[in-house]
Amino acid sequence: MERAGRLLLDLPALSVGRGEVLAVIGPNGAGKSTLLRVIGLLDKPTAGQMRFDGQPALGPSVHIDPVGYRRRMALVFQEPLLLDTTVFDNVALGLWLRGGVSAQETTRRVEHWLSRFGITQLAQRQARTLSGGEAQRTSLARAFVLAPELLLLDEPFAGLDPPARSIIQTDVRQALAETGTTAILVTHDRDEALFFGHRVAVLIGGRLRQIGPTEEVFSRPADAEVAELVGVENVLAGRVVEAVSGVVTIASGDLRLAAVSDLPIGQRVLVCVRPDDITLSQSEGPATSARNQVAGLIESIRPHGAVAQVSIQSGDSRLVALVTRASLQELELEPGGPVVARFKATAIHLIVQQLAGRRQATP
């Protein structure tokens, strides 16, 4: 899809299964919201075709009124778009506009979703008096009351403060599971993607760089940019220098690292290790299940929610680990002090580096 000669989206194919939650992540300007607008039949693609339940719904050669398809969807934006009327009326709005639902059934469904999102007591409140969390709960109730076949969520939690965000996220996840609603969630928050997504699609520069089961994408990123986006902060360039019985040794600067792989000697790779797969101690110890031990000095310690992010310098290499506050105090770690980072050979994901101009691939 192009606009004013600029590429916005280039997706050869993308499908979402019935009852699935697909999380779409990517940096700002990656094309996430544009993708959602195309799926929501609000923007027409310049090429290709969108199908809904197997039937053509949108495309340059498709001449079908999209209103019928839109009625089978609901869309929730980051900023709640509420009318200047009561909460009850805002939630009931879609049912009134679509028609075919009796007043009694409308009241029953609205009251159910007001209760489900914990805003029954706000039913007669004017929307303009709501807090941000209350307004977003109203917006979500308005979407779910329609029983949509497809729910599109465009960063609906981004504007909420942390306590409200966590509670509303849990409510939405439970509602999706209970109703079996198919959903696409656009977010730049990888924790949100992990929390919601059965699968994750990674968009960078308008192109789909990787899609797959959530744990697979987060633990086995397809390339360095995807690795950075999904929180694999340790990415080291290296080369296989030894291979024995399914375990390779990789030279990366001054480091020698063991990884489970059948790659040949001489193969250049990127070594990816998630910070949460690294444990820390103050001294090297006997061989354990963690075959990799990297001694270094603590460069910095930064609080990061319930954990702390510890940056370690070892020769010309830098590693980042996440440890609990309790472990930080127990180990008496502090900037400038010595530390040993340990991680298993199975914790390493290798990205094969091809010759210039050739596509990278995962082993």
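Summing Lys, Arg as +1 and Asp, Glu as -1, what charge do residues with Cβ under 13 Å from the Cβ of GLN169 carry, GLN169 excluded? Here the count lands on -3. Diagonalising the gyration tensor over the Cα atoms of segment 216-348 and scaling each eigenvalue by 5 before taking the square root yields semi-axes of 25, 17, 13 Å, largest first.
The share of accessible area on segment 15-82 that comes from carbon and sulfur is 50 percent, using a 1.4 angstrom probe.
Give, as a single signed number, the net charge of other residues whose beta carbon lies under 11 Å from the beta carbon of LEU41, with Lys and Arg counted +1 and Asp and Glu -1. Result for the neighbourhood of LEU41: +3.
The amide H of LEU208, built 1.01 Å from its N in the peptide plane, has ASP10 as neighbours under 5 Å, considering only residues 5 or more places off or on other chains. Take the chain with all the other protein chains still there, run a 1.4 Å probe, and you get 50 Å² of accessible area per residue. Using C-alpha pairs under 8 Å with a sequence gap of at least 6, the mean separation divided by the residue count of the chain gives a relative contact order of 16 percent. When only C-alpha pairs under 8 Å and at least 6 residues apart count, what is the relative contact order of segment 131-273, in percent? Value for segment 131-273: 14 percent. Between 0 and 90 degrees, the angle of helix 87-98 with respect to the longest Cα principal axis of the chain falls at about 70 degrees. Put a dot 7 Å past the Cα of THR279, heading toward its Cβ, do the same for GLU299, and the two dots end up 2.5 nm apart.
Residues whose amide H falls under 5 Å from that of HIS304, counting only those 5 or more places apart or on a different chain, are GLN309, with hydrogens built in the peptide plane. Put a plus charge on the Cβ of each Lys and Arg, a minus charge on the Cβ of each Asp and Glu, and nothing anywhere else: the dipole of segment 1-142 about its Cα centre is then about 80 debye. Per atom type, segment 235-294 shows carbon and sulfur on 47% of its accessible surface, probed at 1.4 Å. Let me make sure I get this right: for segment 270-349, a, b and c are the square roots of the gyration tensor eigenvalues over alpha carbons, sorted descending. Under 1.5 in a/c it's rounded, otherwise prolate if a/b > b/c, else oblate. Which is it? Taking the square roots of the gyration eigenvalues as a ≥ b ≥ c, segment 270-349 is rounded.
Net charge of the neighbourhood of LEU146, taken over other residues with C-beta under 13 Å away and scored Lys/Arg +1, Asp/Glu -1, is +4.
The residue list VAL21, ILE278, PRO45 was ranked by how far each Cα lies along the charge dipole of the chain toward its positive end, using unit charges on Cβ atoms, and PRO45 comes out on top. Taking the Cα centre of the chain as reference, the dipole from Cβ charges on Lys and Arg (+1) and Asp and Glu (-1) amounts to some 920 debye.
Classify segment 1-145: rounded, prolate or oblate, from the alpha-carbon gyration tensor (a ≥ b ≥ c, eigenvalue square roots; a/c under 1.5 rounded; otherwise prolate if a/b is larger than b/c)? Prolate is the answer for segment 1-145, as a/c is 1.5 or above and a/b outweighs b/c.
Note on ARG108 and GLU178: their simple-model spin labels are 1.6 nm apart, each label 7 Å out from Cα toward Cβ. Based on the Kirkwood approach, the hydrodynamic radius assigned to segment 112-257 is 18.2 Å, with every pair of different Cα atoms included.
Would segment 118-188 count as rounded, prolate or oblate if I go by the C-alpha gyration tensor, calling it rounded below 1.5 in a/c and otherwise prolate when a/b exceeds b/c, oblate otherwise? Oblate, since a/c reaches 1.5 and b/c is not below a/b. DSSP finds beta bridges in the chain, and of those with both partners inside it, around 75 percent are antiparallel. Relative to the longest principal axis of the Cα atoms of the chain, helix 103-116 runs at roughly 20 degrees.
For segment 1-143, the relative contact order is 19 percent, taking Cα pairs closer than 8 Å that sit 6 or more residues apart in sequence and dividing their mean separation by the residue count.
Cβ-Cβ distance of ILE167 and LYS44, R₀ of 35 Å, FRET efficiency by 1/(1 + (r/R0)^6): the value works out to about 0.40.
Surface composition of segment 105-198: carbon plus sulfur atoms contribute 48% of the solvent-accessible area (1.4 Å probe, protein chains only, all chains present). The Cα-based radius of gyration and maximum Cα-Cα distance (Dmax) for the chain are 24.6, 73 Å.
If R0 is 22 Å, the Cβ-Cβ spacing of ASP191 and SER131 corresponds to a FRET efficiency of close to 0.45.
The values are calculated or read from the model by the stated rules, or taken from the named source; none is laboratory data. From a predicted model like this one, the values you see are computed outputs, not experimental measurements. Here Cβ is always computed from backbone atoms with ideal geometry, including for glycine, and neighbour counts include all displayed protein chains. Side chains included, ligands, DNA and RNA excluded: accessible areas come from the protein's heavy atoms. Shrake-Rupley method; radii C 1.70, N 1.55, O 1.52, S 1.80 Å.
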